[in-house]
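Report on the structure given below.
None of the figures in this text is laboratory data; all of them are computed from the coordinates on show. Just so it is clear, the structure is predicted and the values come from calculations on it, not from any experiment. With ideal geometry, Cβ positions are generated from the backbone for all residues, glycine too; neighbour counts draw on all protein chains shown.
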Amino acid sequence: MCGIVGYIGKEKSLPFLINGLKALEYRGYDSAGIAIFSHDKVQVKRKAGQVKVLENALKNDTDLIGHLGIGHTRWATHGMPNETNAHPHNDCMGRIFVVHNGIIENYKELKEYLQHRGHIFHSDTDTEVVPHLIEDFLRSNGDFNVALFDALKMIRGAYAFAIIDVKNPDTLYAVSFSSPLVIGVGADENFLASDPSALVGKSKNVIYIKDGEIAEITRSKIDIINLEQKKTPPEIVRLEWNLEQAQKGNYPHFMLKEIFEGPKIVFSALQGRLKSGKNLVKLGGLEQVNEKLKEAKRLIILACGTSYHAGLVGEYLFEEIAKLPTEVHFASEFRYREEPFEEGTVVIAISQSGETADTLAAIRKTKKHGLLTLGIVNTVGSTIARETDAGVYNHAGPEIGVASTKAFISQLTMLVLMAVYMSESNGHQLHHALLQELEKIPEKIKAILDKASEIEMLSEKYKDCENFLFLGRRYNYPVAFEGALKLKEISYIHAEGYGAGEMKHGPIAMISEKFPTMAIVPQNSVSEKMFSNLEEIKARKGPIFAIATEGDKEIVSLANDIFFVPKTIESLEPLLTIVPLQLFAYYVGTKRGFDVDKPRNLAKSVTVE
Ligand code: F6R
């Protein structure tokens, strides 16, 4: 949440700051600001609203030519989203300038303490205590580094800071504690960002600043100082994301582009991992823990939001394919559980960003109990990728649209692979049909995308609804949740996902002519039961929009509208049935006139609890 950028080097800093903020805007977009060291002083510009408002305000500014700068795009936590609360914030003397991600939990007591000592505050933010606190320590000890360390000792919470000190104009300071910051290593220049998508096209070599570390970045050198105040060698990670992946191309929105990347995403998740001729799955990232995996008796999947819904599909997959009892938890609730952990329990964290605070806290809890932790993560080198014992990357490239679409598809693909990998019969004939079919999924997704205009037309009919019920069973029960989540976050229509069997236990009360149901009803082992539920809805005059299998005749008499998807094996159905639901959310959202890439109140990377 919130985006940070920083630059020091041979070029003027402003272009990178603005472009970097635009790339990070999906993390928060209610105000933006920059601070640039120019003409022997730091100049600050801030604006309420999206980065383009700031960009427009700076268009004719000829003053901001400095080579050291920091920037911020905000997702408000403390204080209204206005210009006064926009970052950067500074101390009383105008020496120290700070941008911040995360939350300073003890800011109230720090603010009172500092006000008592004469510091004047201008904003309602928690961030503003930071420059004042450093300033306060500088009064008793002139050394900036010492003052910074002393200030950090007093701050509680999760934070990432980028800092400029006017008296050290050759250095960009960066601090991270439970909130990510990554340095892009350049030639005679270095970049800073709160996630690597801002660095695409600038640097492929990145350094993640670890918890409690301070980075002192000059144009030619990067010093990392650890908690014990000792220099530690930087660990460089190679970032394979490219510029094309981080740009919209000919698509009007990232969300649409990312939905259309579906076939490619499945293909790249399978590449080098699926040996269908041998009925074998090879996951290099898990080989180092193979012996422990053989002892696995039970799985716990931890995730939030869309990744949690992928986890729910994983529960069915692991139980059916790997014969391992599996449970899925919201990472945000898991911290409150007093569950006794049995030996042989393996934990799987699923996260697109690899930075979700709740997921991170949940895996840290299981690690304390000595459990083996695995990650299914998209962002290379992210905190969850680093903190889990082993794991696999999705290789889906950067996901920029705030609503997760392609990451969900790649998570489902990875879960199928992982379930086969963890089954005792990996490499045996038993998986032949499943793995052969998995290879056909990209072309089947493509066949769905080729009919996107059908969904676009139907979305016109439903765009003014105020409510929607999504129903599915078995493998499509989590798809109902995910379809409803997509519709509500993109179009602000109230939508609920339910297991179809649960409908008669309550939700059926809502059904009326004005309350449509999206039924995910492909031909499979539970379709008869789904049809009975749809009869119940029809009897109450509820409109039905069905996602059904090509060639299904029975659905025609039941549903008002139908979108057909190709036939596949039941356990792979979510990979197909989710696609029309993602498209539906997209088209309804755009027809209602919303900015689907930046839905209100949301942020892509949820780094606060
Ligand atoms: C929904 C969405 C969120 C994320 C959730 C977890 O479209 O994007 O629900 O899925 O915040 O994020 P990650 O996967 O990054 O841990």
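Once every DSSP H run of n ≥ 4 in the chain is given -39500 (n - 2.57) and the sum is divided by its residues, what mean residue ellipticity at 222 nm do you get, rounded to the nearest 500 deg cm²/dmol?
-10000 deg cm²/dmol
Summed over all non-identical Cα pairs, the Kirkwood treatment of the range 1-96 gives a radius of 13.1 Å. Counting neighbouring beta carbons within 10 Å and listing from fewest to most, the residues H132, H87, H431, H505 come out as H505, H431, H132, H87.
Among T517, T568, T125, the ranking by other beta carbons within 10 Å of each residue's beta carbon, starting with the fewest, stands as T568, T125, T517. By the beta-carbon count within 10 Å of each Cβ, the least crowded to most crowded order of M414, M422, M457, M503, fewest first, is M457, M503, M422, M414.
Helix 406-421 versus the longest principal axis of the chain: what angle, 0 to 90°, nearest 10, using Cα atoms? Compared with the principal axis, the helix lies near 70 degrees. When the alpha carbon gyration tensor of the range 242-338 is reduced to an equivalent ellipsoid, the three semi-axes, largest first, read 30, 22, 12 Å. Compare the Cα positions of I18, L434, A331 along the charge dipole of the chain (+1 at Cβ of Lys, Arg; -1 at Cβ of Asp, Glu; about the Cα centre) and return the one farthest towards the positive end. Value: I18.
When you filter the GluC sites (Glu not before Pro) in the range 431-499 for DSSP loop state and at most 14 other Cβ atoms inside 10 Å of their Cβ, you are left with E466. Can you tell me how the range 3-238 classifies by the Cα gyration tensor, rounded, prolate or oblate, using a/c under 1.5 as the rounded cut? In terms of gyration-tensor shape, rounded. Overall, the anisotropy analysis places the range 448-593 in the rounded class: the square-rooted eigenvalues a ≥ b ≥ c of its C-alpha gyration tensor yield a/c less than 1.5. Database remark: amide H of S31 closer than 5 angstrom to the amide H of G49, R74 (H placed geometrically; neighbours at sequence offset of 5 or more, or on other chains; Pro and chain starts carry no H). Each semi-axis of the equivalent ellipsoid for the range 353-416 is √(5λ) with λ an eigenvalue of the Cα gyration tensor; in descending order they amount to 21, 13, 10 Å. Diagonalising the gyration tensor over the Cα atoms of the chain and scaling each eigenvalue by 5 before taking the square root yields semi-axes of 45, 27, 22 Å, largest first.
Given charges of +1 on the Cβ of Lys and Arg and -1 on the Cβ of Asp and Glu, with all other atoms neutral, how large is the dipole of the chain about its Cα centre, in debye to the nearest 20?
Result for the chain is approximately 600 debye, rounded to the nearest 20.
Distance from the Cα centroid of the range 422-466 to that of the range 235-281 is 16 Å (rounded to whole angstrom). Under the combined filter of DSSP loop state and at most 16 neighbouring Cβ atoms within 10 Å, the range 358-432 retains these GluC sites (Glu not before Pro): E424.
The charge dipole of the range 248-439, taken about its Cα centre with unit charges on the Cβ atoms of Lys, Arg (+1), Asp and Glu (-1) only, comes to about 440 debye.
Taking the Cα centre of the range 448-593 as reference, the dipole from Cβ charges on Lys and Arg (+1) and Asp and Glu (-1) amounts to some 240 debye.
With equal scatterers on the alpha carbons only and no solvent term, can you work out the Debye log10 of I(q)/I(0) for the range 129-203 at 0.13 1/Å? Values, matching the q order: -0.46. For the chain, the longest principal axis of the C-alpha atoms and the axis of helix 527-539 are separated by about 90°.
Between the Cα long axis of helix 129-140 and the first principal axis of the chain there is an angle of about 30°, rounded to the nearest 10.
Classify the range 289-394 as rounded, prolate or oblate, taking a ≥ b ≥ c as the square roots of the eigenvalues of its Cα gyration tensor: rounded when a/c is under 1.5, otherwise prolate if a/b is larger than b/c and oblate if not. Rounded, since a/c falls under 1.5.
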